[in-house]
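One structure below.
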């Protein structure tokens, strides 16, 4: 619940303060169209500091009213005053999904389950006009499942939990709706607890999904609590033993193993052993479901980490065949091709990555990677163009009040490295180091 509410709030704030989200695909900056300087009026910036304007987001009257309410109502305001502010928005715009989501943040602190269930259903009914869209589906559906469980309708709760985790398998653990860092025995009305998970296992001892859900529950906390990893894997293994036809237990084991912060520090043989363990589970998952996209993505990443580039390319090729709009897979496949010296083929795949990614400030990794490939093929002019575009996307929307000498020192003090996408489907942003 916390994640969904924060996401709604952030989207509303961004509409007013940071107009940078849109649906325009990324393209190279046109060379023939003059770019009007946008940083400091009257100053002609160098090309690296210019960027074509980004379309301003459409701010609807509903968003405006919700933003105004958020500005006037803070955490110190009386709950009743906050509730009245959101009530007024819903009364005027009864089909505004995000307003119901905001009201749920208040209702979930109480115990009016009928009101919670009603607002969840309305939020889901009108979710097509939500600023967060499908990103909040998991949270909303699992919230409804929690109320159904509390009301004693565990069969409906199991079905809704199944729907929730399948909205986006790579983020399945988010159904927990918790802000805690370790498993809880008690929580607010909309948050799942370990006691709830235990109750579902007792209620449905022969349904593999009960163990699957409990394994995912522990998996949510693995990021911060190392003690949650073992029970997460044990429950998921039990689920896999109960339903040997399902690929999900194996995929979730491999996916959750990659969540702990400690994994980031693994080097050398430790990292290879870790990736080998993940690969075993992912191979089992893909044997059962060869088209399971998140498992293909995770396996390709593991192959890449093990320097098994032909195998990684094979998985990336299958991903883009199943989802031709996956910019991250094109980018990572191109990086694997570069590792094998296939730089011209890599350039072609970077082209596809750029054509399919959203054009956003601070998202320039595919331009940087393509510039590397251009340099390896001695296409200096094209490399310079891509690096200029990358720099413009990094700083084109930021006012920098520094002299030219200082800026030059900053640029020379940074170095680039090939950027792979992070877990899931997004591309890692460029980070100067």
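With respect to residue 152, determine if the residue is surrounded by fewer than 24 Cβ atoms within 10 Å (Cβ to Cβ), modelled with pLDDT of 95 or more and at positive phi.
In short, yes.
Residues that are in a helix (DSSP H, G or I), at pLDDT below 95, within 21 Å of the chain's Cα centre (by Cα) and over 15 Å from residue 302 (Cα atoms): does the stretch 226-249 have at least one?
No, the stretch 226-249 contains no residue that is in a helix (DSSP H, G or I), at pLDDT below 95, within 21 Å of the chain's Cα centre (by Cα) and over 15 Å from residue 302 (Cα atoms).
Which residue out of 274, 252 is modelled with pLDDT of 95 or more, assigned to a helix (DSSP H, G or I) and out of contact with any strand residue (DSSP E or B) (no Cβ under 6 Å at 6 or more places or on another chain)?
Sole residue among the options that is modelled with pLDDT of 95 or more, assigned to a helix (DSSP H, G or I) and out of contact with any strand residue (DSSP E or B) (no Cβ under 6 Å at 6 or more places or on another chain): 252.
Considering (1) farther than 22 Å from residue 325 by Cβ; (2) at pLDDT below 95; (3) assigned to a loop (DSSP other than H, G, I, E, B), say which one residue 385 fails and leave the rest.
Every condition holds for residue 385 apart from (3).
Which one of the conditions (1) at pLDDT below 80; (2) in contact with a helix residue (DSSP H, G or I) (Cβ under 9 Å, 6 or more places away or on another chain); (3) over 20 Å from residue 305 (Cα atoms) does residue 421 fail to meet, given that it meets all the rest?
Here residue 421 clears every test but (3).
Need the failing condition index for residue 179 against (1) surrounded by 16 or more Cβ atoms within 10 Å (Cβ to Cβ); (2) part of a loop (DSSP other than H, G, I, E, B), just the number.
With (1) surrounded by 16 or more Cβ atoms within 10 Å (Cβ to Cβ); (2) part of a loop (DSSP other than H, G, I, E, B) applied to residue 179, the lone miss is (1).
Only one residue in 300, 295 is in contact (Cβ under 8 Å) with a residue 12 or more places away in the chain and closer than 19 Å to residue 233 by Cβ, so which one is that?
Testing whether each residue is in contact (Cβ under 8 Å) with a residue 12 or more places away in the chain and closer than 19 Å to residue 233 by Cβ leaves just 295.
Does residue 308 fit the bill of being more than 30 Å from residue 354 (Cβ to Cβ) and at pLDDT 95 or above?
For residue 308, the condition - more than 30 Å from residue 354 (Cβ to Cβ) and at pLDDT 95 or above - is not met.
Restricting to the stretch 159-193, name every residue that is within 25 Å of the chain's Cα centre (by Cα) and over 16 Å from residue 220 (Cβ atoms).
159, 160, 162, 163, 166
Can you tell me how many residues within the stretch 78-113 are buried (at least 24 other Cβ atoms within 10 Å of the Cβ), out of contact with any helix residue (DSSP H, G or I) (no Cβ under 6 Å at 6 or more places or on another chain) and part of a helix (DSSP H, G or I)?
0
I'd like the full set of residues that are buried (at least 24 other Cβ atoms within 10 Å of the Cβ) and part of a loop (DSSP other than H, G, I, E, B), limited to the stretch 360-373.
364
Could you figure out which of (1) in a helix (DSSP H, G or I); (2) free of Cβ contacts under 8 Å to residues at least 12 places away in the same chain isn't true of residue 215?
Going through the list (1) in a helix (DSSP H, G or I); (2) free of Cβ contacts under 8 Å to residues at least 12 places away in the same chain, residue 215 breaks only (2).
How many residues are surrounded by fewer than 20 Cβ atoms within 10 Å (Cβ to Cβ) and closer than 23 Å to residue 293 by Cβ if we restrict to the stretch 340-359?
Looking only at that region, the number is 5.
The values are calculated or read from the model by the stated rules, or taken from the named source; none is laboratory data. The model shown is predicted, which means the values in this text are computed figures rather than measured ones. So basically every Cβ, Gly included, is an ideal-geometry build from the backbone, and we count neighbours across all protein chains shown.
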